[in-house]
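Trainee: Questions regarding the structure given below will be posed in turn.
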């Protein structure tokens, strides 16, 4: 199976799977392969189960058979048209240029049409041509293949096969090769029949005109005969051309030779101007088709392949846990979230802990109202030295209780827990936690954070009744609501 | 230092967003544990971004430095005030860890600092600069490793930015980056790697490879997402159902059409979420449309359309999906023009393909119904909004994605070529696989049209 066939198979799997990769294949370590190689390998594996490739072989055979059928039809048509020309000719005289034009002009016109489609394919709306081709193939298949309804993916694979083999430039090459093949077949039939007819019939070639001059015809014949002459085919001389004019008296007396050279010119013209160009173009298209197939790549930016990449070759791997936790963690506070507090103590020593500047202003306002004695001397604990200083001084502070101003929105950490624990352990005064709510948290988050602080209070031996909330999102501070 | 790749220790205070940062960089919603409380991560856990077959960028998540003040105090008291390098102090502490069991979590962070090539220090900008954060930065400097301070929550904490910048500069940390886990910007992710390049000159090539790869993947992802949205538009705009002219038949066909469109949108949304590696649960009310088949955000509901700022007439409210008769006059003119100009066989075949069904339907007393313009507008704008949300969403976000369209100004801007697109899509019913007819999903013109739609999405300012 060559690379293009593998790609075709991968596209077949995509057609079966639909929008996103869903089929699982045998898990094997293929980490050394690139993503595209992995896709092709996966397609090969899934093909064993889905049996896509036999269907693709069948579709290929269908196309080849259809091409051969058309080849045969065109061969007969070419042969038939020559026979018709000779039988319909009056008497034994054949108008040479008319016979040549009948074969050559339609060929030239279709060649121009082909060129237009080939080089301006994107400018022209050829969707109908694609649909028509697919419709013809499908009708043919439905009519002659009764097995088509047995495989549930038959028609999706049918569509996929022809979409891929006729996609992008491949479609142009395929259809062009087919076009040239058919014309080649037509000319083969025509040339063969011409040889047979000329071998078994005696005809005189003449030319005639109503509006053109004799010189024009001489020039035309000489031009036509130039290439055959170069290649060694016998062609009519100037005298023979002049003597072949309708109604001219053959002064040369060499009718047999004249018939021969005109026959030779007709056959060689058919071969050189009809059959050979089509053969060469067909070979060129076959070459381009093979080259195009070799260059063909999967549409890896398609959403299907982007998802498949995430599955087959994820660019993220887990490195696992390298330094596990062996400590037993303290369970989070599970108690009631109902109001615990009785409000602020009547007298307290205020301490701000790790607050922002804005919060400090709010705290100052609060202290002014509730502990005016400490308005200018309250402490803000924001680093290790200030912590240690407070711990050293706390026993000497003359106050009934200690009130810690804390930020409710901050998640309490072990460092803070250690500090508050040390504080409660060093003095026998009740400790209060006043949580400043800036109103920045949603109700859900607020409950969660409050629960965290209750957990800290429990661990630091602070009564839950001593946890107070100061709501600064409102104009006036108030206790826990 | 690792020869085959690069390893990063992601450290910071508790609840600063370390795990969220790694989740977003890895696009992995399952990495570690994320919760809004301190001490959620209690072990060192790693994830790696593959750069090529053999090299990767390893990111190690660490517990929060919760008691940095005590740790820093201890580190500075070692060696009796002698002038000793910070790294010696760290090693001394780790060697005597059994004396400080309460600092076991901090010890894990210190080990991570010493074992990795570079350090990301995650800062919660919402927090003021406190002594404990200064102590954390001092401890990091002891590790003698390049440190990149990563500023998280940049929008909510914008007021503290200058204060933090000043503090970082005072401690000689000048190469900081902004990376908001909630409001993710891909450009910010690249800035992290670029900053790493400047600090790790010997890994510059490797990091450039990573940057290129991430760019390519991001671009591929967006292109694929654009294709999905473009494809949904084509599917729905090209969709039409044939029905008899009776009121009941039209209603039945309308219901069928609505259902088909809802299913198509659900499918597209599901695929977009999967593509960006988010979970179905990340979607606002996603359980309704995706899981239970119901639609709270019903595309066809009167509320939805009114919310969008559309006045409903009685007929529209009744029919919702709307029957739009195909313009036979246009068809006739086109046919006439085609007849006059003669046309070649292929052109005639094309015209036949386009209008035969409509003419036949007209003769037989049938009609075709398709989606009305307004519904298509809502559908398009919803997908664009969803795509914008996915592009800017971190993988640790808890907030639900809301892609409902509202009447807010500036939000509901339709592309310039909207009418042209609509005409084009409606004239190609064979482009919609929702139609019972055979479809040409790979047809060249459909692909070109899809590319045009994708380009429009890329062009959108907010999606860059």
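What follows is calculated from the coordinates using simple rules that are stated; it is not laboratory data. Keep in mind that what you see is a predicted model, and the values were worked out from it rather than measured. Cβ coordinates were reconstructed from backbone atoms using ideal geometry, including for glycine residues, and neighbour counts include every protein chain displayed.
Trainee: Could you work out how much longer the chain between residue A:272 and residue A:216 gets when fully extended? Use 0.36 nm per residue separation minus the Cα distance between them, nm to one decimal.
Mentor: 18.0 nm
Trainee: Provide A:212, A:417 in ascending order of the number of other Cβ atoms located within 10 Å of each residue's Cβ, fewest first.
Mentor: The fewest-first ordering by Cβ neighbours comes to A:212, A:417.
Trainee: Right, something else. Starting from 0 in steps of 5 Å, tell me what percent of the Cα-Cα pairs of region A:349-471 lands in each bin.
Mentor: Histogramming region A:349-471 at 5 Å steps yields 2, 11, 23, 25, 22, 12, 3, 1, 0 percent.
Trainee: Looking at region B:158-219, what % of the alpha carbon pairs are farther apart than 13 Å?
Mentor: Numbers: 1288 of 1891 pairs.
Distances greater than 13 Å cover 68 percent of the Cα pairs.
Trainee: How large is the translational diffusion coefficient of chain A in µm² per second when you combine the Kirkwood radius over alpha carbon pairs with Stokes-Einstein at 4 °C and 1.567 mPa s?
Mentor: In µm²/s, the coefficient is 40.
Trainee: Tilt of helix A:52-88 relative to the longest C-alpha principal axis of chain A, in degrees (0 to 90, nearest 10)?
Mentor: Between helix and principal axis, roughly 30 degrees.
Trainee: To test your reading of the geometry: what angle, between 0 and 90 degrees and rounded to tens, separates the Cα axis of helix A:168-200 from the longest principal axis of chain A?
Mentor: 10
Trainee: Quick one: if the Förster radius is 22 Å, what FRET efficiency do residue A:199 and residue A:102 give, using the C-beta to C-beta distance and rounding to 0.05?
Mentor: The pair residue A:199/residue A:102 has a calculated efficiency of 0.60.
Trainee: Once R0 is set to 41 Å, what does the formula 1/(1 + (r/R0)^6) return for the Cβ-Cβ distance between residue B:252 and residue A:23, expressed as a FRET efficiency to the nearest 0.05?
Mentor: That gives a FRET efficiency of 0.65.
Trainee: Report the full-extension gain for the segment residue B:205 to residue B:398: residue separation times 0.36 nm, less the Cα-Cα distance, to one decimal in nm. Please report the intermediate quantities before stating the final value.
Mentor: Details: separation 193, 0.36 × 193 = 69.48 nm, distance 3.58 nm.
My answer for the length gained is 65.9 nm.
Trainee: Using Cβ counts within 10 Å as a stand-in for footprinting exposure, how do A:226, A:118, B:133 rank, fewest first?
Mentor: Listed from fewest to most nearby Cβ atoms, that is A:226, A:118, B:133.
Trainee: Please compute the modelled spin-label separation between residue A:156 and residue A:132, points set 7 Å along Cα→Cβ, answer in nm with one decimal.
Mentor: Calculated label separation equals 3.0 nm.
Trainee: Taking only the alpha-carbon atoms of region B:6-199, what semi-axes of the equivalent ellipsoid follow from 5 times the gyration tensor eigenvalues under a square root, in whole Å, largest first?
Mentor: They are 26, 19, 16 Å, listed largest first.
Trainee: Measure nothing fancy, just the Cα-based angle from helix A:443-459's long axis to the longest principal axis of chain A, in degrees from 0 to 90, nearest 10.
Mentor: 50
Trainee: So what is the relative contact order for region A:349-471, in percent, with contacts set as C-alpha pairs under 8 Å and at least six apart?
Mentor: Normalised by residue count, the contact order of region A:349-471 is 27 percent.
Trainee: Computed FRET efficiency, Cβ-Cβ of residue A:143 and residue A:76, R0 35 Å: what is it to the nearest 0.05?
Mentor: 0.95
Trainee: If you don't mind, another one. Based only on other Cβ atoms within 10 Å, what is the fewest-to-most ordering of A:197, A:1? Walk me through the numbers on the way to the answer.
Mentor: Working: A:197 18, A:1 11.
Going from least to most buried by this count: A:1, A:197.
Trainee: Run the simple label-point estimate for residue A:33 and residue A:361 please: 7 Å along Cα→C-beta, distance reported in nm.
Mentor: The answer from the label model is 6.6 nm.
Trainee: Grab every C-alpha pair in region B:95-192, bin the distances at 10 angstrom width from 0 up to the longest one, and report whole percents.
Mentor: Reading upward from the zero bin: 14, 43, 33, 9, 1.
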